Amino acid sequence: MKKIFIASILSVFFGAFQVTAQDCDSIARVVETYITNDAKGKPFVSDGQVYVAFLDNEKAEFNTTLFGGSYYRLAASAGVKDDYVIFSIFDAEDNLLFTNRNHKNSPYWDFKIENTVPVRIQTELDRDKKVTGCAVLMIGFLK
Amino acid sequence: MDSLNKYLILGAVASILLMSACSGETEDGTVDNGQKVIDPELLDPNRSFNTNFDGKLFSVPSPVQTALLIRSSNLAYDESLLNSETNISNYASNTSKSLNLGIYGADLGYATLYDQNAKALSYINAVESLSNDLGIAGAFDANFLERFEANSNNQDSMLVILTEAFRKGDLFLKESDRKNSSALILTGGWLESMHFATNLYAKSKDKRIFHRIGEQKQSLETILEILKEYNVDGVNDEILAQLGGLNELFQTVEISNEFVEPVTDESKKLTTIKNKSTMIMSAELEESIRAKVAEIRAAIVGQSVEG
């Protein structure tokens with residue numbers, strides 16, 4: 001009998017992770033809709049990567065380099081509403097360069113980079129709006 | 001029978017609790033009357049389920065960005081830089097296939113930027129073949145091929161379609177917990193972009209390309225970090241050793257940044273990052289980096305190093 005109990009727990013546990021992967025997949029489709037064209041109709045080219053994190057209390061972050069002379073778009077989502085994710089950009093000395101928290105958690109923002117800058121990009125959930133779930137961020141750049 | 005019922009009921013209750021704790025979409029903490037109701041357990045910072053889906057996040061700049069810089073420098077198309085499609089039969093291991101999928105992807109991007117459509121389509125076959133072998137055929141399926149071919153007179157669309165396919169493959173690999181393949185594809189793409197940049201700098205002495213080479217210092221550090229993270233059973237030992245030698249050279253590249261207040265235009269949803277940066281790398285060091293990149297790439301694609 002204990003086996004039945006354990007099996008039901010395990011099946012739902014792994015089932016829950018499957019649901020999570022499906023959630024991430026559907027959220028990625030939402031984010032894709034933001035990496036489209038700039039205001040002048042020029043298309044953003046994807047960097048070919050999807051930044052996925054299952055968040056609750058933690059923040060997910062990664063380092064990257066934004067190249068001088070480039071024009072980027074960052075977009076993020078964690079569900080059906082546009083404003084669940086806060087994303088912030090810091091330089092190598094931890095100076096805050098941008099956070100969408102100051103712009104009503106806008107799901108996307110564009111960046112013109114004058115000189116190459118190594119940055120840390122941090123994502124977290126706005127815990128007033130969502131406390132746990134999959135967050136997806138994507139980066140595009142103009143040709 | 002009572003005992004069976006007891007376990008089934010207990011299992012069902014536990015299952016419901018687990019479902020409600022793990023499902024992201026139902027956890028926005030909002031009820032119909034607009035009040036926030038948050039399970040205190042979810043707010044406990046010591047809770048055991050506080051982990052990233054992906055463990056860690058990494059980012060490697062797209063090889064297409066370097067190809068764009070090269071294209072904007074008006075340098076002539078150089079087919080000799082590309083990895084021959086005929087080499088594909090040499091790639092047997094998943095490591096080799098993943099690395100070379102990244103390399104062919106970068107070659108495809110380079111050929112596309114130079115409007116070499118016939119060449120690009122032949123590289124599509126190589127990319128399709130390796131992605132099939134790696135189980136990510138869904139990213140480069142018939143729909144992708146159809147769209148890519150249908151837009152063969154529209155470079156922007158071709159690039160968008162190509163990079164979307166790589167993004168789709170990346171998501172599939174991450175969701176199916178094959179992050180090492182994803183890391184190796186990114187590594188191959190990055191290395192090929194370094195191969196383009198170092199060779200074309202040698203011909204052109206274009207300062208922008210020189211700077212782009214030096215600016216790859218952090219990207220290489222990230223690549224080493226990813227490959228170490230997913231180095232199960234030592235599958236990445238060889239490439240780690242090779243790239244470690246390259247990283248030693250990069251350690252003498254000096255990069256500094258100075259914070260300058262960014263400027264934001266709220267109406268355009270645009271922020272201009274104005275930090276100043278300097279990169280110092282000697283010409284001799286760039287030559288050493290070029291030689292090392294050539295050596296590593298040759299080992300991966302299976303060619304002898306010229307010169």
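Since every read-out is calculated from the coordinates, none of them should be taken as a lab result. As the structure is a prediction and not an experimental result, all values here were calculated from the model. All Cβ positions, even for glycine, are placed from backbone atoms using ideal geometry, and neighbour counts span all protein chains on display.
The ratio of the alpha-carbon radius of gyration of segment B:57-149 to the globular-protein estimate 2.2 N^0.38 Å is 1.10. Here segment B:122-268 is assigned +1 on the Cβ of each Lys and Arg and -1 on the Cβ of each Asp and Glu. Its dipole about the Cα centre then comes out at about 420 debye. Modelled spin labels at B:N151 and B:V263, positioned 7 Å past Cα toward Cβ, are 3.3 nm from each other.
The calculated FRET efficiency for the pair A:N95 and B:A283, based on their C-beta separation and a Förster distance of 22 Å, comes to about 0.10. Label-to-label distance, B:A142 versus A:K59, with points set 7 angstrom from Cα along the beta-carbon direction: 4.8 nm. Expressed as a fraction of 2.2 N^0.38 Å, the value expected for a compact globular protein of N residues, the C-alpha radius of gyration of segment A:2-142 is 1.19.
Remark: for residue pairs A:K59/B:K179; A:K104/B:K274; A:K40/B:K207; B:K97/B:K292, the C-alpha separation exceeds 27 Å in A:K40/B:K207. If a spin label sat at a point 7 angstrom from the Cα of A:N102 along the line to its beta carbon, the backbone N atoms of segment B:256-289 nearer than 19 Å would be those of B:258-276. A simple spin-label model places pseudo-atoms 7 Å from Cα toward Cβ; at B:S80 and B:A92 they are separated by 3.1 nm.
Debye-formula intensities of segment B:255-297, expressed as log10 I(q)/I(0) at q = 0.19, 0.28 Å⁻¹, are -0.69, -0.93 (one equal scatterer per alpha-carbon, no solvent).
The length gained by stretching the chain between B:K56 and B:T272 to full extension, at 0.36 nm per residue less their Cα-Cα distance, is 75.0 nm. Neighbouring Cβ atoms from other chains, within 10 Å of the Cβ of residues in B:259-271, number 6 on average.
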